Every structure is written in C-alpha cells, then in structure tokens.
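Enquirer: Dumping the structure here so I can ask a few things about it.
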Amino acid sequence: MVPLDNYLVLSAIIFSIGVYGVLARRSAVLILMSVELMLNAVSLNFVAFAAYLDPNRVAGAIFAIFVITVAAAEVGLALAIVIRLFRNRATANVDEAASLKW
Amino acid sequence: MTFDERQGYIVLATLAAPLLAMTLLFFVPGSKKMAARYISLAFATIMLALSVYIFVAYQVHGGDIQMQLRWEWVQNVAFLGKDGISLHLGVDGISALMALLTGVVAFAGTLVAWKIDFRTKDFFILYWMLIGGVYGTFFSLDLFFFFFFYELAVVPLYMLIGIWGSTRKEYGAMKLTLMLVGGSALIWIGIFATFHQTGLGTFDLPTLWKAGADGTLTPEFQKVFFPFFVVGCGVLAALWPLHTWSPDGHMAAPTAVSMVHAGVLMKLGAFGIIRLGIQLMPAGASFWMPGLMVLGVIGAVYGATAALTQRDFKLISGYSSVSHMGYVLMGLATLNQIGVSGAVLQMFSHGVMTALVFLMIGALYDQAHTRDLKDFGGLGKVMPMWVIFYTIAGLANVGLPGLSGFTAEFHIFVGTFQTYPVFGALAIFAAALAAAYMLRMFSIVFFGPFNPRWSSLRDITPLETISGGLLIGAMLAMGIWWAPFLDRVGHSVMLLPGVTG
Amino acid sequence: MGAEQAWLLAAVPAGMFVVLALFGRLLPRKGDFLGVLAIGTAFVLFFFVLHDFLHVGESNWPVVRDIKWSDIGSFHLRMGIVVDQITIVMFAVITTVALMVNVFSIGYMKGEPRYWWFFAVLQLFAASMLMLVMADNLLLLYISWELVGVCSFLLIGFYWEKRSATEAAKKAFITTRVGDVGLLIGIILLYKATGTFNIREIIDHAKSGDIGSTYLFVSMCFVFLGAMGKSAQVPFHVWLPDAMEGPTPVSALIHAATMVVAGVYLTARMLPVFEVAHGTTLIITIVGLVTALLTGFMALAQTDIKKVLAYSTVGQLGFMFVALGCGRPDAAMFHLMTHAFFKALLFLGSGSVILGTHHNQEMGKLGGLWKKMPVTGTTFLVGSLALAGVVPLAGFWSKDEILAATQTWSGGWVTILLGFAAIMTAFYSTRLFIRTFLGKPLDQQVYDHTHESPAVMTLPLVFLAILAAVAGLVVFNGVGRALGFPGGITEFVFLEEPERYHIVWSLAGGSVVLAVVGIFFGAWMYWGGSLVRSTRAAEFQPRLYEMIQRKFYFDELYQGMIDRVVLGFSFVVSWFDRYVVNDTGVDGSAQMTGYSGFLLKHLQTGKVPNYAMGIALGVVALAAAGLVVRG
C-alpha cells in the first residue's frame, strides 16, 4: 500500500496550488476554479484518512460527498454572481470590482 | 414591599414627577409653548415641595437610610441571584440634602427656561429627563439603577447643548458627552468587577457595602478598582486634569442647562465617589485618598488662578466651578467627619451659588449677546437688581461669612488641616484668589463709568428675580443657621466606613 | 438688661440694616433718622451694660454667655459673647463715634445718590464691629472680621461711578484678604492644637504650655498677619490711603476709629498667647515702629488733607502696636480710645471743610479758612493739638503712656525712634492745620464760596472736641473712681496686674518737649501759610523728597509683583489649560482616534483577493497560535 503520507502531501500540494490561485489570479472564473481545487484537495484528504485510519472506511467518504454537494451549490451561486458582474462591467477582472471600499 | 412605606412613596413620587412630566409633554403639541411651560412649572413646584419635605422629614436621630422603598425588578435569572436588580430607593442625610438642592435648582431653572422659544416642548422633555436621572441617582440604592439613572442624566445634555446652545455648541456638546460617557465606561467596568467579585449575584448597594466592609472585596481588589470609580465619577466632578469639558460645556450650554449642569450634575460625580467609592471600597479609599487630595488641591488652586485672567464670564465661572469642586474633592479626601461633611455642604452651597451666577450671566447674555468683560462697564446704572444679585453670588463664591460658601469651606479647611496643613493653607490661599478674580470682574463690569452702548439693557425679569431670590434664600439659610444642614449630613457622614472623627 | 444682653447692642443695628436695605428707599427722609435711632439705642444700651458690668464687680469679670451652634461628632461649635474691660472700652469707642458719624452724615451726605443705602451699610458695619469686640471665640471673631471688611468694601466703593473708588475698594478688600488668609490659617492651627476656638480656653492652653513653641510661634505669626492686614501696618498699609475715596464719614468711622483698630483689638485680646510665643512681641514692636516711622514721613509730603490723616492713622496704629509689643495692652487701648476721638474729629472736620469749600480737599486750594469756618477750625485745632500730643489734651496722656511702655526694651532704641515718630506727628499736624486754616487763601474762588457747615455737622464736631480734650484724664485713678470704675483706665484695662498710674515726670516732660519741638518746627516751616521754606527743604534733597512723596514706591512694587508674578502665573495656567490639557490632551486624543480611523479605513480596499489574503493569514496565525498553546 502506498503510505498515507503520500496522499496527504498530494492533497497539500493541490491545496497550495488552489490557495495560490485564489490569492494571485485576477479572473473571477479562475479564482472559482482554484476554490474548487481547494475543496477537492480537502475531499482527497478526508477520503485518504478514511481509507487508512477508519475501520469502517466510511466517515471520510461521507464528508467528501457533503463537500461535493456544497461545492456544486456554491459554484452555481458564484457563477451566477460572476455573470451578473460581467454583464454590468464587461469584465471578469476581480481587481476592477472594488467599489465597496473607503 | 418593605420598609416605611408611605415615606418611601414620597421618594418614589419625587422621582416619578419629572418622568411623568416628560411623558405628559410628549402629548402636548409642539406649538402650544405656554402649555409646556405651565405643565413644567406645575411639576417643578411639586418637586420642590417634595424635596423640601424629604429634607425636613429626614430624622436626625433615626436610622441611616430612611424613606425606603423596594420593588423587585429582575431576580434569579442567569447570573442574577436573589434581589438581582431591584428598584431600591431611599434617602440618607447626604442624599436628603442633594434632593433639596435638585428641587431648588430645578425649580429655578424652570423659571429661567421660560424664555426658551424654539421647540419649547422638546427642551422641557429633555430637561425633565435630565432631572429625573439626577433624582434617580441620588435616591438609588441599587447599583444597576444607580448607573441607569446616571446615564439618563448625562445623555440629554448632548441634545440640550447641541440644539439650544450658543458658542461652539456642537463642539462643546460633543466633547462634554464623550468625556462623561468615557468616565461612565470606567464606572461600568468597576460595577461589573464588583458584581463578579462579590459573587452574590445582586446589585443591591447596602448588601454590596457590607461586602466591601467585611472583606469579600479584598483590599487588593479595592486598590485596583477604586480608581475606576473615582476617575469615572471624577470626570463629572471636574477632577483635574479631566475637567476641560466643563469650561467649553458651560460656554456652549443655554442658561437653564448651565444652571442645572454646574449646580447639580457636577455634584453627581462627587456623590458617586461617596456612594461607590467610600462606601463600597473603604480600603481602596484610604489607599488612594492622598492622591485624590493632591488632585483636589491642584484643581482648587489651578481653577482659581486660571479664572483670574479670563475675559469671558462663563469661563470665569467655569474655572471657579473647577476650583470649588476641587474643595469638594479635598473635603472627601480628608476622610474625617468634619472634612467630608464640609464637602457635602459645599456640594449644596456651590450648587445654588453657581446656579445663581449662571442665571445672572444668562440674563445679561440673552440681551447683550456678548460675554466679554471688556465690552461692559458701569452696568449698575441700568441693571441695579442684577448687580445686587450677582454681587451676593460673588461674595458667596468668595466665602463671605453669612452665606453658605463660608460654612462649607470652613468645615473643609478645618478637616484638611487635621492631616494636611500645607494643603489646607493652599486652599485658604485659593479662597483669597477667589476674591481677586471676583472683584476684578465686579469692578470691570458692574462699577466704574457707564458704557453708553448698553443704555437699552433692562434689569432682570420678575421670573428671574423669583428664581434668584429662592437661590439667595438657600445661601443665607445655610450661611447663618447651618445646624439643620450639618445635623443631617453629619448623621450619615459619621456612619461612612473609613471616616474618622 | 444686663451685661449678658450685650448682644443686643449688635442686634439692634443689624435689624435696622435689614429694614433699611429692604425698605430704605420708600421711607420718609430715606430712613436716616432710623439709622441714628438704631445707633443711638446701641449707645444707650451701652450704658446699661456698663452699669451692670461695674455693678457685678471685678470678681465676676468677664461676663460671658454662649449658645450651641452646631455639632458633628466631636466638633462642637458654640457661639457666644464675652464682656470684659477691653470690650467695654471698645463699646464706648464704637457707639460714640458711630453715633457722631451717623448724625454728621445726615448733613454731609445730603443729596447724594443711594442715600438710604449709605445708612443701611453703616448699621451693618456697626453691628458687625460690635459683634467683633464681644466675640468669645475666634470663629465668631473671624466672621465679624470678614463682615466689617465687606462693609468697608461697599462703603469705599460707594461712589462706584468713579473708577478710582472701585479700584480702591477692590484694593482694600484684596489686601486685607491676604492678611485674612493668615488669620484663618492661624485660627485653624490653634484649633488643631487646642481643640477649641474659644479665646479664653486657648489662652489657658497656651499658658499651661500645652502647645509646642515653634508651632505656637508660627500660628501666632499667621494670626498677626491678619492684624497687620486689617490695621494697615507696613507692608499692608497701601490700602488705607486709597480708601479715602469713600465718603468722609466712612473714613472717620471705619478707617480711623473702628475697623482699622480691629487688628489692635485682636492683638490685645490674644496678647497673653503672644507673650507665650517667644519672639512674636518683638515682631509686633518692630512692625509698629517701622510703620510709625515710614508713615510719618509719608504724611509729611501729602497734599490731600484726607491722605495726611490716613497716613497719620496708620502711624498712630503703629504706636498702638508698639505698646502691645511692650506688653502694655492698657496703654494701647487707651491710645486707641483717645485716637478714635480726635482722629474721628479730624476726619469729620475735614469733611466739614470739603463740604464747606464745595469739594476741595487739596491743600493747594485751601488756606485761611479759619475766618470763614470758625467752629470747624476751632475743633480742628483741638484735634490737631491732641494728635500732636499737647498737654492736657487726650493725645498727650495716651502717647506718653506708650512712650513709657517702650522702656521695657533695653537700650532705649525703641523709645528714641518712637519719640522721633512723635515729633513727626506733631510736625505734620501743625502743617495740616496751618495750611488749611491759617495764612492767606491760595484759591480766591474757593475761598469766596466757602461757608461754615450746618449744626447737624458741627455739633458732632464739638462733642468730639470735648472728648478729645478731656478723655485723657481718665488715666488718673481719681477720675476713674469718680466715674465708677475701680481706677484709672490703665488700671481698669490691664488684665493681669493692675497698673497703678503715676506720672513719671521725666518722661512726661520729654513728651511735652517732643510735641513742642514738632509744633515749633512745623510752625516755623509754614509760618503764615508760606510755602517758601518747605519748598526749599524739598529741593534740598530732591531724590529723598521724591521717594517720600511716592510713598517709598510700595504701590509700584506691589503692582509690579501682581502684574508679573500673579497675573503672569495666571496667564501661564490658562494657556496650559487651553493648549496643553485641552487642545493636546483631550482634543488631541479625540483627533488621534479620528486619525487612527482614517488610517485603518485603508484596509477596506474593496478587493476580494485582499480579503482572501486576510483570511488566509488569519488561519495561519490561529493555527500557529494553537500549536504554540498546545505544544
């Protein structure tokens, strides 16, 4: 069996890529994609723990299904906002959507 | 309900009167100014009568706290235990005198506020809220309600000064309110600390006083939290160096508000130091009082010195108030019977005297629209009664025997000399400075050649005369035959913890 | 009505004050007759008190009566009266002079504004002064002390339309206030040491050595400061000459005969304590001596008749203090009495001159008035001779007693210096009289319109002149006993061992010589009213003369001190309060708060990635903190 650590490291790498994407990307869609990456990395983490540490190998998987559901709902909502934003400002650049400032 | 019920009801009535007036005025249409005035006058008369009754009926040989009344408010809920919060009202010798002060000054102020023409009803609503808060604080024997009424007294000031005021009113109102509320924040911390430390789950003051005396509030606790109460209440009492809201606040406030503010409200702070400081934390008090004495002396001398070169009447009075409140704080800091009694007498004396002074200043300013001394001269020619009243007030300020100022200051001096002779000497010297700044003002404004610019000034109105006469009467009463005052005050002062003979 | 009801002497005028103050304007003649009635009643009551006092006999002296005033804890205040020999002398002086002044004022103040108020305050003053001299405790004394001070203020500033009058009133009140600070400190210090305000109890405590000597010395010095202030001793003398702005009857009553002697009275009362506090009597003597000398000089150069009399008063008070310092309260009280009579006479006389010449009081405009004002002139002459100390007028006997008293100080230096002051006294009295009444009139206009004063004014002058002439004879034991007293005035007053009066011929002769020398010199200098010799004398030493004329620059010194030190300090404090405490401290903290808000608002960039970064960093920080806490 592949050691648990490998999965954890993999999930950490994917999570970091996701964090980088959220913080450093200008395009709203890309940010959402990075958020998805982060969520999936977390799911991977949960499933790995479930597979290796949980005798029933169930709890983590249930968490993963919850995460996928929430992610799906959230993406639907987020993309709707992005489309609205795009229609109003002709740009999906997040840096330019900064009106709620001092 | 417990205790001496009928008299307790009288205290409740005195507290309820302003609040009732306020409520009643809500229903009066804004255009009916005379109705607002007459309703206010009626209630002011009732309050004066009740206050006089409370003062006279207080038994010098009875128990300490008399005329009690208690209504349970909230108990046995969450962190509140038995007697958690109750409307516990009562009167001791000190608050009896303070009630008399409030009644007299509130009545005088009502007569003076007669000439307010802009939004009269709203003015009186806020005015009665203020007075209600004052009475509530004086009568309250429950720490929660004490603070509640304390805030109720401070908050209307913002609107009263900000709307009806004069010189730099927004600035004055804002600064005053923020500083006072800042002080209240400190008191609030102290209150919760005390509540938590006693672990009794009650805000009832007599119970908490017992806890303060028997060691539940440990000396270390008291030493840490006493300053919260002293500084928090001290802001309202013009404790140096937190006094600067007072000169600007006075300059900005309308006459009736100045009278109540300087006359009664500032005494609330000193009263808080007694109720929450000396009575609640005697160990903390005896530790910190030397410091308070120093601040008091500084205030007394500093205020008198600064008043010497001011050009605005209200600033002279404002600094004079800082000086006189310095005397009050000195008296409290002596922690001996003579000194503390003197301080309470001074609270009354200065209250009526300063109310009279602001009444006089207002009478002039409302006509002349300037308060610069150098603009005037020889006003005795056109305003003789005004000059007479103001001179009497000024002489009381100076501590002339026969008027209340001397009685109070004398007791404070004797008390101070027992332990701090040098400070006592400085305080007496500050009284000489008082003569200097008062007489300077007299000679520039009342006497000397007449400045013809003011030929059209008219003398004080009948209402102002009655108002002033009442205040002068109070000053003469305490000045000549002061035994009734001293007996009541002394009766309670002698029972204060930590106060020696 | 006995000595125990002596408080009525004060109560009657006090009641009349209230009546006149409230209703004076409405009464016929504005109530002036009521004023005379009240004082007259006090005057009559005095004789009842005196009779009863002499009747009960020496063993029952003093007569006391007190009531409880207030109580707190162990602080018991009683207020009461004490009638002893000093009180009796003061009663005599106060009631007599006050009555004369009230009568005189009916003529002098005729037509003046606020006529009714004048009489009202005179009543309040008389009541307060009487209460002062019968107070049995220092607190009541202090209360009366302040009250007479306020009456003085109100009366000096009576013509308040004049800036100079208001300033003079202010100066008087504040100068005496400074002294009063000392007095109150002294009183409270004595209370602290003895637990009582009662004068007799304090004297007992002091004599039995209960009070530490340094403490007692300091306390009594403070008390003496009050006496110095009220009695205008150097360096507090500056207010009295300015007080001449008040109406002349006021100068006669308050600033010659009664209020200013309050300091002498207080010192006399407390003399047993001063004597226990070693060193204070020397201080008292020196202060009195310096005052007598300096003011003697100052009187030489004044040209306003009232100012001459003012400086003379201060100097004569100095004489009284010297007597007290020598341990002779009887000599001091004796001189107090005679001085009250002849000085009041002189002041009222000058009032008569002022009214008669239509408000002229500068000697430069007077001269040769005797022919036009014979009664005033004659009585003024009697007063001047009494002041100079010519036998057998009253001033001679009392001044002689004081000179005799100075012999307690070894070396005779006090006697010599005081003798010199006596010569100056005679000199300036002569100068005053000659330049006003003799010689040629210096202003023909003024002279032509001069007239003698009405009887209501001249009768008091005559009465006082008679007293100035014969009052001194009470020093003889025979005269005293004939009047019902146990002996002469010195024997009567001296509280410890009676002083049997006997004439020391050498000293008495010396006093006569002093007076003669002074008068002779004065007459020579101003013979015939000519100013030739005096101008030459002034030009002889111009700097010295100017220094004397400018009153040794005391006023300039004080004004400079007030302007630079006191007012300067006040400006500093006001500046500090406004700019440091308020603008920097309070407004500053408010602005700081506002500024921090201004800075912090930049966090709200509106950019989502920034907020995301914030969340990320926050998570990292919390995780790190958690690891640290756990681990």
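The values are calculated or read from the model by the stated rules, or taken from the named source; none is laboratory data. Given the structure is predicted, the values throughout are model-derived calculations rather than measurements. So basically every Cβ, Gly included, is an ideal-geometry build from the backbone, and we count neighbours across all protein chains shown.
Enquirer: Among the residues of region A:60-85, how many are surrounded by 15 or more Cβ atoms within 10 Å (Cβ to Cβ) and away from chain C (no Cβ under 14 Å)?
Expert: At the first step, the residues of region A:60-85 found to be surrounded by 15 or more Cβ atoms within 10 Å (Cβ to Cβ) are A:60-61, A:63-64, A:67, A:71, A:75, A:78, A:82, A:85.
From the residues that got through so far, the ones that are away from chain C (no Cβ under 14 Å) too are A:60-61, A:63-64, A:67, A:71, A:75.
Residues flagged as surrounded by 15 or more Cβ atoms within 10 Å (Cβ to Cβ) and away from chain C (no Cβ under 14 Å) within region A:60-85 amount to 7.
Enquirer: Which one is nearest to A:Ala24 (Cα to Cα), of the residues in region C:585-631 that are within 60 Å of the chain's Cα centre (by Cα) and at the interface with another protein chain (Cβ under 10 Å from one of its Cβ atoms)? Even if it seems obvious, please write down each step before you answer.
Expert: So in region C:585-631, the residues within 60 Å of the chain's Cα centre (by Cα) come out as C:585-594.
Checking which are at the interface with another protein chain (Cβ under 10 Å from one of its Cβ atoms) leaves us with C:585-587, C:589-590, C:593.
Values: C:Gly585: 45, C:Val586: 45, C:Asp587: 43, C:Ser589: 40, C:Ala590: 39, C:Thr593: 34 Å.
If we take residues in region C:585-631 being within 60 Å of the chain's Cα centre (by Cα) and at the interface with another protein chain (Cβ under 10 Å from one of its Cβ atoms), then C:Thr593 is nearest to A:Ala24 (Cα to Cα).
Enquirer: If B:Pro421 passes every condition in (1) within 30 Å of C:Tyr215 (Cα to Cα); (2) touching a helix residue (DSSP H, G or I) at 6+ places or on another chain (Cβ under 6 Å) but one, which one does it miss?
Expert: (2)
Enquirer: Residues that are within 13 Å of chain C (Cβ to nearest Cβ), in contact with a Pro (Cβ under 9 Å, 6 or more places away or on another chain), surrounded by fewer than 23 Cβ atoms within 10 Å (Cβ to Cβ) and not acidic (Asp, Glu): does region B:354-377 have at least one?
Expert: Yes, region B:354-377 has at least one match.
Enquirer: Still on this structure, please answer the following. Tell me which residues, restricted to region C:113-136, are within 18 Å of C:Pro460 (Cβ to Cβ) and part of a loop (DSSP other than H, G, I, E, B).
Expert: none
Enquirer: Oh, and also: Sort through C:Ala227, C:Ala277, C:Ala206 and tell me the only one that's within 19 Å of C:Ser128 (Cα to Cα) and away from chain B (no Cβ under 14 Å). Before you say what the answer is, go through the steps one by one.
Expert: Numbers: C:Ala277 fails: within 19 Å of C:Ser128 (Cα to Cα); C:Ala206 fails: within 19 Å of C:Ser128 (Cα to Cα).
When all the criteria are applied, what remains is C:Ala227.
Enquirer: Out of the residues in region C:359-384 meeting the condition of being surrounded by fewer than 24 Cβ atoms within 10 Å (Cβ to Cβ) and part of a helix (DSSP H, G or I), tell me which one is farthest from the chain's Cα centre (by Cα).
Expert: C:Pro374
Enquirer: Has region C:552-571 got at least one residue that is away from chain A (no Cβ under 14 Å), under 40 Å from the mean Cα position of the chain (by Cα) and closer than 30 Å to C:Leu438 by Cβ?
Expert: yes
Enquirer: Which helices (runs of 4 or more DSSP H) sit wholly inside region B:262-351 and have at least 1 residues that are over 14 Å from the mean Cα position of the chain (by Cα)? Walk me through it before giving the result.
Expert: On the way: elements: B:266-272, B:282-307, B:313-334.
Because the criterion is at least 1 residues that are over 14 Å from the mean Cα position of the chain (by Cα), the helices (runs of 4 or more DSSP H) in region B:262-351 that meet it are B:282-307, B:313-334.
Enquirer: Please specify each residue of region C:153-173 satisfying the condition of being at the interface with another protein chain (Cβ under 7 Å from one of its Cβ atoms) and either surrounded by 22 or more Cβ atoms within 10 Å (Cβ to Cβ) or not in a helix (DSSP H, G or I) (or both). It would help to see each step written out before you state the result.
Expert: If we filter region C:153-173 for residues that are at the interface with another protein chain (Cβ under 7 Å from one of its Cβ atoms), which is where we start, we get C:157, C:160-161, C:163, C:166-167, C:170, C:173.
Once the filter is applied, which keeps residues that are at the interface with another protein chain (Cβ under 7 Å from one of its Cβ atoms) and either surrounded by 22 or more Cβ atoms within 10 Å (Cβ to Cβ) or not in a helix (DSSP H, G or I) (or both), region C:153-173 yields C:Gly157, C:Trp160, C:Glu161, C:Thr166, C:Lys170, C:Phe173.
Enquirer: Oh, and also: For C:Pro272, state whether it is closer than 25 Å to C:Thr194 by Cβ, out of contact with any His (no Cβ under 8 Å at 6 or more places or on another chain) and surrounded by fewer than 21 Cβ atoms within 10 Å (Cβ to Cβ).
Expert: Numbers: closer than 25 Å to C:Thr194 by Cβ: yes; out of contact with any His (no Cβ under 8 Å at 6 or more places or on another chain): yes; surrounded by fewer than 21 Cβ atoms within 10 Å (Cβ to Cβ): yes.
It is true that C:Pro272 is closer than 25 Å to C:Thr194 by Cβ, out of contact with any His (no Cβ under 8 Å at 6 or more places or on another chain) and surrounded by fewer than 21 Cβ atoms within 10 Å (Cβ to Cβ).
Enquirer: Are any residues in region B:393-446 part of a helix (DSSP H, G or I) and at positive phi, and if so, which ones? Reasoning before the result, please.
Expert: Initially, region B:393-446 is screened for residues part of a helix (DSSP H, G or I), giving B:393-398, B:404-419, B:421-445.
Correct list: empty.
Enquirer: Would you be able to say whether some residue in region C:68-84 is more than 30 Å from B:Gly490 (Cα to Cα) and either of a type in the set (Ser, Thr, Tyr) or outside the structural domain of C:Ile156 (by TED's automatic domain parsing) (or both)?
Expert: So far as region C:68-84 goes, no, none of its residues is more than 30 Å from B:Gly490 (Cα to Cα) and either of a type in the set (Ser, Thr, Tyr) or outside the structural domain of C:Ile156 (by TED's automatic domain parsing) (or both).
Enquirer: Does region B:219-273 hold any residues that are within 14 Å of chain C (Cβ to nearest Cβ) and of a type in the set (Val, Ile, Thr), and which are they?
Expert: Scanning region B:219-273 gives B:Val235, B:Thr244.
Enquirer: List the residue pairs whose Cβ atoms are under 8 Å apart, where the first residue sits in region C:177-191 and is more than 7 Å from every other protein chain (Cβ to nearest Cβ), the second is among the basic types (Lys, Arg) and buried (at least 22 other Cβ atoms within 10 Å of the Cβ), and the two are 6 or more positions apart or on different chains.
Expert: Short answer, once both residue conditions are applied: C:Gly179/C:Lys230; C:Asp180/C:Lys230.
Enquirer: Right, another one. Name every residue in region B:217-245 that is of a type in the set (Val, Ile, Thr) and under 25 Å from C:Phe576 (Cβ atoms), in order of residue number.
Expert: Taking region B:217-245 as the starting set, the residues that turn out to be of a type in the set (Val, Ile, Thr) are B:218, B:224, B:230-231, B:235, B:244.
Once the filter is applied, which keeps residues that are of a type in the set (Val, Ile, Thr) and under 25 Å from C:Phe576 (Cβ atoms), region B:217-245 yields B:Val230, B:Val231, B:Val235, B:Thr244.
Enquirer: Let me ask something else. Any residue at all in region C:30-44 that is in a helix (DSSP H, G or I) and basic (Lys, Arg)? Full working, then the answer.
Expert: Residues of region C:30-44 that are in a helix (DSSP H, G or I), as a first pass: C:30-44.
Checking the rest, the ones that are also basic (Lys, Arg) come to C:30.
Within region C:30-44, one or more residues are in a helix (DSSP H, G or I) and basic (Lys, Arg).
Enquirer: In region C:290-312, which residues are charged (D, E, K, R) and in a helix (DSSP H, G or I)? Lay out the reasoning, then the answer.
Expert: Taking region C:290-312 and keeping what is charged (D, E, K, R), we get C:304, C:306-307.
Residues satisfying the conditions are C:Lys306, C:Lys307.
Enquirer: Can you pull out the residues in region C:347-367 that are under 20 Å from C:Gly111 (Cβ atoms), of a type in the set (Gly, Ala, Ser) and touching a Phe, Trp or Tyr at 6+ places or on another chain (Cβ under 7 Å)? Spell out how you get there, then give the answer.
Expert: The first filter runs over region C:347-367 and keeps only residues under 20 Å from C:Gly111 (Cβ atoms), leaving C:348, C:350-361.
Remaining after also requiring of a type in the set (Gly, Ala, Ser): C:350-352, C:356.
Residue satisfying the conditions is C:Gly351 alone.
Enquirer: Sticking with this one: Could you tell me whether region B:463-477 includes any residue that is without any contact (Cβ under 8 Å) to a residue 12 or more places away in the chain, under 30 Å from B:Asp64 (Cβ atoms) and either part of a helix (DSSP H, G or I) or of a type outside the set (Gly, Ala, Ser) (or both)?
Expert: Checked against the condition, which is being without any contact (Cβ under 8 Å) to a residue 12 or more places away in the chain, under 30 Å from B:Asp64 (Cβ atoms) and either part of a helix (DSSP H, G or I) or of a type outside the set (Gly, Ala, Ser) (or both), region B:463-477 yields at least one hit.
Enquirer: Any residue in region C:263-271 that is in the same structural domain as C:Tyr428 (by TED's automatic domain parsing), closer than 23 Å to C:Phe380 by Cβ and in a helix (DSSP H, G or I)? Show your work before the answer.
Expert: Initial filter on region C:263-271 (in the same structural domain as C:Tyr428 (by TED's automatic domain parsing)): C:263-271.
Filter once more, so that each one left must be closer than 23 Å to C:Phe380 by Cβ: none.
No.
Enquirer: With respect to C:Phe46, determine if the residue is surrounded by 19 or more Cβ atoms within 10 Å (Cβ to Cβ) and under 27 Å from the mean Cα position of the chain (by Cα).
Expert: On the way: surrounded by 19 or more Cβ atoms within 10 Å (Cβ to Cβ): yes; under 27 Å from the mean Cα position of the chain (by Cα): yes.
The answer is yes for C:Phe46.
Enquirer: Let me ask something else. In the set B:Leu295, B:Leu276, B:Leu268, which member is over 16 Å from B:Tyr150 (Cα atoms), in contact (Cβ under 8 Å) with a residue 24 or more places away in the chain and not acidic (Asp, Glu)? Please lay out each step first, then the result.
Expert: Numbers: B:Leu276 fails: over 16 Å from B:Tyr150 (Cα atoms); B:Leu268 fails: over 16 Å from B:Tyr150 (Cα atoms).
Unique residue meeting the criteria: B:Leu295.
Enquirer: Among the listed residues B:Ile161, B:Ile191, B:Ile187, which satisfies the condition of being touching a Cys at 6+ places or on another chain (Cβ under 7 Å) and assigned to a helix (DSSP H, G or I)? Walk me through how you get there before you give the answer.
Expert: Working: B:Ile161 fails: touching a Cys at 6+ places or on another chain (Cβ under 7 Å); B:Ile191 fails: touching a Cys at 6+ places or on another chain (Cβ under 7 Å).
Checking each option against the conditions leaves just B:Ile187.
Enquirer: Let me ask something else. Within region B:481-501, can you find the residues that are among the hydrophobic types (A, V, I, L, M, F, W, C) and at the interface with chain C (Cβ under 10 Å from one of its Cβ atoms)? Show your work before the answer.
Expert: Of the residues in region B:481-501, the ones among the hydrophobic types (A, V, I, L, M, F, W, C) are B:481-483, B:485-486, B:489, B:493-496, B:499.
Of everything in region B:481-501, those that are among the hydrophobic types (A, V, I, L, M, F, W, C) and at the interface with chain C (Cβ under 10 Å from one of its Cβ atoms) turn out to be B:Trp481, B:Trp482, B:Ala483, B:Phe485, B:Leu486, B:Val489, B:Val493, B:Met494, B:Val499.
Enquirer: Out of B:Phe144, B:Phe118, B:Phe148, which single residue is surrounded by fewer than 24 Cβ atoms within 10 Å (Cβ to Cβ), under 26 Å from B:Gln7 (Cα atoms) and over 19 Å from the mean Cα position of the chain (by Cα)? Full working, then the answer.
Expert: Values: B:Phe118 fails: under 26 Å from B:Gln7 (Cα atoms); B:Phe148 fails: over 19 Å from the mean Cα position of the chain (by Cα).
The conditions single out B:Phe144.
Enquirer: Same structure, new question: Test of understanding: among B:Gly133, B:Gly190, B:Gly212, which residue is at pLDDT below 90, of a type outside the set (S, T, N, Q) and within 29 Å of B:Leu280 (Cα to Cα)? Before you say what the answer is, go through the steps one by one.
Expert: Working: B:Gly133 fails: at pLDDT below 90; B:Gly190 fails: at pLDDT below 90.
After ruling out the rest, the residue left standing is B:Gly212.
Enquirer: Now, a different point. Among the numbered conditions (1) outside any helix (DSSP H, G or I); (2) under 23 Å from C:Val178 (Cβ atoms), tell me where C:Gly318 comes up short.
Expert: Exception for C:Gly318: condition (1).
Enquirer: Right, next: Away from chain B (no Cβ under 14 Å), under 26 Å from the mean Cα position of the chain (by Cα) and charged (D, E, K, R): which single residue out of C:Asp84, C:Asp66, C:Asp52 fits that description?
Expert: On the way: C:Asp66 fails: under 26 Å from the mean Cα position of the chain (by Cα); C:Asp52 fails: under 26 Å from the mean Cα position of the chain (by Cα).
Being away from chain B (no Cβ under 14 Å), under 26 Å from the mean Cα position of the chain (by Cα) and charged (D, E, K, R) holds for just one of C:Asp84, C:Asp66, C:Asp52, which is C:Asp84.
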